[in-house]
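Here, each number is a calculation from the coordinates, and none is a lab measurement. Remember, predicted model here, so these are calculated numbers, not experimental data. Counting neighbours? That spans all protein chains shown, and the Cβs are built from the backbone with ideal geometry, glycine included.
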Amino acid sequence: MRLTAQAACASPGDPARRVAIVLDDKIISSPQVDTGAACGVGMIGDSTRITGQFAQAEAADLALLISAGALPVPVEIIEQRTVGPTLGVAAIDAGARAALIGLVLTALFLLTVYWLAGAVAVIALCSYAGVSYAALLAVGATLTLPGLAGFVLAIGMAVDATVLVFERAREEHGGGLPQSIDRGFRGALSAIVDSNVTTLLAAGLLFWLASGPVRGFGVTLSIGVLASMFTSLVLTRVLLHLAAKAGLARRPRLSGLTHQGRVRRWVNLRDPGFLSRPGRWLTGAGVAVVLALAGLVVLGPNLGVEFTGGRVLEYSVPSGVDVDKVRAAVTDAGYPRAIVQTSGADMMSVRTEPVDQADTDRIRAAVAAVAGEATQVRDEKIGPSLGAELRTNALIALSLAVLAQLAYLAFRFDWRLGAATVMALAQDVLLVLGIFAWLGKTYDGVFLAALLTVIGYSVNDSVVVFDRVRELRQRDQHAPFARVMGSAVLQTLPRTVNTGIGVLFVLGALLILGDGSLADFALALLLGLITGTISTVATAGPVAILLDRRSPGAGRTRPPARDRTRENDGAVV
């Protein structure tokens, strides 16, 4: 009313007679006060009307902007991150070195085990890295630390499909090298597709439910899985056939696909009936889970700031600083609940409840009093509301991942094998959670990415084994299921060993060379790799055997033709 009273005193056409409506420092409308308004009086009433030559859509947009600008919207900082360039450069350098070393070691391993076929796999692996990097550039992805970890991890995962094909070609050798190559790809196709789909399910859940850097990990992992499928199923096959036509077929032994490795020769001498007493295997698995979960009861979970809300401060300090003295100094400064940890040779992190800037200055002073100097390189502040959201999303992601795995595996195999696989992956998750509790590691956003990846990756071995179970069942549907399961485990063991070694190189490099968060990420995945491999034998197989004893038919796609004939005509034998 006061504005219109002042503007009404200006003559018509004078810019002073207009009232500007400003939103975000931008004038969205500047109507002129009607000539009916008296000077010093203005418009009577508590409402204002703007008239003009507006289309209906223009009038609605203007009304919406004016109404939105009038809404009282409080602003609350729920997340604030400050990462100094020293930490960023160090982490990027460590990740790059881990990628390079892991790639070189994996290449040497493939050359040693598979000879010229290994050389083809190395070329395909380098092509995979190029395709993945080009895809990241194409989608405009920002490479964060978890994203870099996903890229490094996918390098090791790309080995899985190649090893599957090579080991199947060794099994199917006969009739010439080109025929062995084709049979290897045909035999491994279903296992490759199933194992990669399970990983994509976990990566998709990361992208859908997570936020920030963890979502970036889901993007890089998804791109890496898709790129590895292309290079393994298309590029590797083309290169192998070109090598065979170029003269390798005349000396097939050089290919590395015509002889059995040491693991396969050892496997051929083993008795497949070692799973005939599944109760013993499940008892051992149960004891391991109880011991691991005891860590959650005795020590409790060390939740990261993303889940609890608070502040993480990281400082660069001189080497050799006593963390116990720093912890005592921070406690004496008035922060007894602060968690002080070393995050590298010359890095110190302090995790506290939500504090203001004055508190952070006192904490830095306490650290500097012991260390001599303390340069802040990281400041991460997350409000409790975001922590609650992340906790909810974590539970939703885990639940949906398990349900998605069960639904897919039940569709691809049958409900018994699907349930056995889900039991095994649930055991893997509990074991990783418990071991991290015993080690005092933090459950943060990066750990959540690792845990969801374990859900996707730990089932790969079970998928490969159950794919072989289905194949063996089709050959002989009357064989005892325990022996079928044992044979499947033994026949896929060379693939399990070689794939595990390839991934171990990459994760080991990341564990040794990575900083605190990346090292914990690699540790979680290493634990998932180990527990996932063991759980296939100790949990998934025995559970499937027990379910088959209660409800026979695990792994069968349809009744045998002879049995169907008996059902239709009892006189036929």
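Exposure proxy check: TYR114, TYR133 ranked by fewest other beta carbons within 10 Å?
Going from least to most buried by this count: TYR133, TYR114.
What is the extension gain from ILE21 to THR342, computed as 0.36 nm multiplied by their sequence separation minus the C-alpha to C-alpha distance, in nm to one decimal?
Roughly 110.1 nm would be gained on extension.
When only Cα pairs under 8 Å and 6 or more residues apart are kept, what is the percent relative contact order across region 392-513?
It comes to 21 percent, rounded to a whole number.
Spelling out what I want: for every residue of region 178-192, take phi, set θ = phi - 60°, compute 6.51 cos²θ - 1.76 cosθ + 1.60 (Karplus), and round to whole Hz; glycine and proline get x.
Values, residue by residue: x, 5, 5, 5, 4, 5, x, 5, 5, x, 8, 4, 5, 5, 5 Hz.
Less than 12 Å Cβ to Cβ from VAL350, Lys/Arg counted +1 and Asp/Glu -1: what total charge do the surrounding residues give?
+2
Stretched out fully, how many nm does the piece from ALA38 to SER11 gain, at 0.36 nm a residue minus the Cα gap?
Contour length minus the Cα-Cα distance gives 8.6 nm.
Between SER276 and LEU403, what is the label-point separation in nm under the 7 Å Cα-to-beta-carbon projection?
Going by the 7 Å Cα→Cβ label model, 4.2 nm.
Please arrange SER11, SER195 by how many other C-beta atoms lie within 10 Å of their C-beta, fewest to most.
Listed from fewest to most nearby Cβ atoms, that is SER11, SER195.
Treat each spin label as a single point 7 Å out from the Cα along the C-beta direction, and report the TRP208 to ASP356 distance in nm.
With each label point 7 Å from Cα toward Cβ, the separation is 4.3 nm.
Using modelled backbone amide H atoms (1.01 Å from N, in-plane), which distant-in-sequence or interchain residues come within less than 5 Å of SER29's amide H?
Result for SER29 returns ILE21.
Give the lysines reachable from LYS381 as a straight Cα distance under 24 Å; neighbours fewer than 8 places away on the same chain don't count.
LYS441
Sort the following peptides by mean Cβ neighbour count (other Cβ atoms within 10 Å, averaged over residues), highest first: 428-437, 467-476, 164-173, 327-336.
The peptides rank, most packed first, as 164-173, 428-437, 467-476, 327-336.
Once you have the Cα-Cα distance between ALA479 and VAL287, take 0.36 nm times their residue separation minus that, and quote the gain in nm to one decimal.
Gain on stretching ALA479 to VAL287: 66.0 nm.
Of LEU493, LEU291, how do they rank once you tally other Cβ atoms within 10 Å and put the fewest first?
Ascending number of Cβ neighbours within 10 Å: LEU291, LEU493.
Suppose we take every Cα in region 94-134 and form the convex hull; what volume per residue is that in Å³?
Once divided by residue count, the hull of region 94-134 is 46 Å³.
Compute the distance in nm between two label points, each set 7 Å from the Cα along the Cα-to-Cβ direction, one at LEU189 and one at GLU58.
Going from the LEU189 label point to the GLU58 one covers 6.2 nm.
Enumerate the amide H contacts of LEU303 below 5 Å, restricted to partners 5 or more residues apart or on another chain; note that Pro and chain-start residues carry no placed amide H.
Here the answer is TYR443, since their amide H atoms fall under 5 Å of that of LEU303.
Round to a whole angstrom and tell me the spacing of the C-alpha centers of region 318-367 and region 451-518.
Centre-to-centre distance over Cα atoms comes out at 43 Å.
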